Amino acid sequence: MLNNSALLLFGPPGSGKGTQAVLLSEALKVPHISTGDIFRQHVKDGTELGKQVQAIMQSGALVPDELVNRIVEDRLAQPDCAHGFILDGYPRTLPQAKMLDEMLDRLGKSKVVVNLLVDYNIIVARLAARRQCPVCGASYNLVFNPPKKDMVCDRDGAALIQREDDKEEVIRNRFEAYNAQTLPVMDFFRQAGYRLVEVTGGNGAPEELTAVIRARLNG
Ligand code: AMP
Ligand code: ZN
């Protein structure tokens with residue numbers, strides 16, 4: 001049962017978190033909150049925050065906790081989050097996890113973590129083949145989840161682009177950030193007694209994995 005839950009999607013870069021977050025959000029009818037998407041929108045719009053985070057994101061490093069925590073706090077206060085939500089790409093550090101934990105207690109949300117386990121070699125191949133729609137943000141993979149028409153978005157026909165931080169030299173930095181700063185968050189979840197659902201992904205259609213996750217969540 002998921003009513004009034006915070007569903008935290010956890011996994012390395014390229015594990016398919018974002019795709020699962022979108023599919024689960026549609027199925028469970030709760031908002032999907034991706035801190036990466038929020039930052040990319042700020043960069044695109046050229047806001048003050050966008051200017052602050054642009055160079056950091058391009059290097060594959062993490063944005064400072066204060067900035068991330070502030071946007072999440074604002075977002076979770078919106079009315080559409082009242083009955084639950086899915087977080088994708090947050091928390092990514094221990095201080096973020098601790099601040100979120102307090103916030104969820106305050107909001108009276110139950111805490112569920114979905115940990116996506118994916119083989120490293122699959123991940124690297126995936127990131128290199130990942131493309132995004134610059135208009136609606138839809139995510140594709142030229143190998144695992146291609147658009148219907150070559151290199152254009154199914155929804156709006158825009159030409160797909162590669163994220164700056166999906167280039168090979170940046171991918172390595174993102175993995176370093178994940179191993180050093182984000183993996184310890186999993187220990188925090190375990191110690192704090194979060195409900196944990198672990199699934200192996202990366203070897204089938206995204207919709208199949210969503211079905212597995214939903215069955216495990218209901219089981
Ligand atoms: P993502 O799309 O989740 O891979 O995020 C893209 C980039 O945005 C990351 O490489 C970070 O630079 C930044 N970012 C997104 N979420 C966070 C977070 N929770 N903490 C710190 N930086 C973040
Ligand atoms: Zn699109």
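The values are calculated or read from the model by the stated rules, or taken from the named source; none is laboratory data. Keep in mind that what you see is a predicted model, and the values were worked out from it rather than measured. For neighbour counting, all protein chains shown are included, and Cβ atoms are generated from backbone atoms with ideal geometry for every residue, glycine included. We work out accessible area using only protein heavy atoms, side chains counted, and drop any ligands, DNA or RNA first. Shrake-Rupley method; radii C 1.70, N 1.55, O 1.52, S 1.80 Å.
Of note:
- Full-stretch length increase - Glu169, Asp187 - with 0.36 nm per residue and alpha-carbon distance subtracted: 3.6 nm
- Reachable lysines, given that their alpha-carbon falls under 26 Å from the alpha-carbon of Lys98 and they are not under 8 places away in the same chain: Lys17, Lys109, Lys111
- Taking only the Cα atoms of region 112-219, the radius of gyration and Dmax are 16.1, 47 Å.
- Across the chain, the relative contact order, built from alpha-carbon pairs under 8 Å that are at least six residues apart, equals 31 percent.
- Taking all C-alpha pairs of the chain, those more than 25 Å from each other amount to 37 percent.
- Per-atom-type breakdown for the chain gives carbon and sulfur 52% of the accessible area (1.4 Å probe, protein chains only).
- Antiparallel beta bridges, as assigned by DSSP with both residues in the chain, represent about 25 percent of the total such bridges.
- Convex hull per residue volume in Å³, alpha carbons only, for region 1-118: 109
- Protection proxy ranking, highest mean first, for peptides 56-64, 5-13, 201-209: 5-13, 56-64, 201-209, where packing is the per-residue count of other beta-carbon atoms within 10 Å, averaged.
- Most to least packed among 43-55, 117-129 [average Cβ atoms within 10 Å]: 117-129, 43-55
- Cα gyration tensor category, rounded, prolate or oblate, for region 149-192 with a/c compared to 1.5: oblate
- Residues of the chain: accessible area per residue with a 1.4 Å probe, Å²: 50
- Shape of region 76-131, Cα gyration tensor, a/c cut at 1.5: prolate
- Of the residues Ala97, Gly36, Cys153, the one whose Cα sits farthest towards the positive end of the charge dipole of the chain is Cys153 (charges of +1 on Lys and Arg Cβ, -1 on Asp and Glu Cβ, taken about the Cα centre).
- Computed helical MRE - 222 nm, the chain, DSSP H runs ≥ 4 contributing -39500 (n - 2.57), nearest 500: -14000 deg cm²/dmol
- Isolated Cys residues of the chain, judged by Cβ distance under 4.7 Å to other cysteines: Cys81, Cys136
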